[in-house]
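To keep things clear, I will list the structure first and then write my remarks on it.
The values are calculated or read from the model by the stated rules, or taken from the named source; none is laboratory data. Keep in mind that what you see is a predicted model, and the values were worked out from it rather than measured. When we count neighbours, we look across all protein chains shown, and the Cβ atoms used for this are built from the backbone with ideal geometry, even at glycine. These accessible areas exclude ligands, DNA and RNA; they are computed on the full protein's heavy atoms, side chains included. Shrake-Rupley method; radii C 1.70, N 1.55, O 1.52, S 1.80 Å.
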Amino acid sequence: EGAEIRRIAYYRNPGTLVQKAVFDLEYEEFFVDNPDPHPLTEEQVKLLKELPDKWGITKWDSWYEGEEESGTGSLSWKLVFELEDETYCVYGGYTSDMTHLPETYSDVNKELVSVMKSAK
């Protein structure tokens, strides 16, 4: 909590779509699925820096998975924060029926995807 974030990496695979993104807060740019940089706005940098405190990410378990009903859907995900002191905070999981996720995962996902969609 309160640590300075250098970069955020996000991997999500909701079934058939695989997306990978890196948000470089130090250089104020981000990458989605390829090496082409996209600029981060001041508002996006602020939003990304506030994610852990705003959504209680530091209280998440590091891995989410469990017994679930079988189904046709699935979600694999990983969220990594690189801090200024070169330590990493890693969170991830797998769910087939969306029951084994952190309570605020969908809020965090929504904010990250909103930045990803701004890629031009």
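Hey, any hits in the stretch 2-18 for a residue that's acidic (Asp, Glu), on the phi > 0 side of the Ramachandran plot, in a loop (DSSP other than H, G, I, E, B) and over 14 Å from the mean Cα position of the chain (by Cα)? Within the stretch 2-18, none of the residues are acidic (Asp, Glu), on the phi > 0 side of the Ramachandran plot, in a loop (DSSP other than H, G, I, E, B) and over 14 Å from the mean Cα position of the chain (by Cα). Pairs meeting the criteria (first residue in the stretch 11-22 and farther than 18 Å from residue 71 by Cβ and modelled with pLDDT of 90 or more, second residue open to solvent by less than 60 Å² (accessible area, probe 1.4 Å) and among the hydroxyl-bearing types (Ser, Thr, Tyr), beta carbons under 6 Å, at least 6 apart or on different chains) are 21/10. Inspection of the stretch 52-60 finds no residue satisfying the criterion of being closer than 21 Å to residue 13 by Cα and either of a type in the set (D, E, K, R) or in contact (Cβ under 8 Å) with a residue 60 or more places away in the chain (or both).
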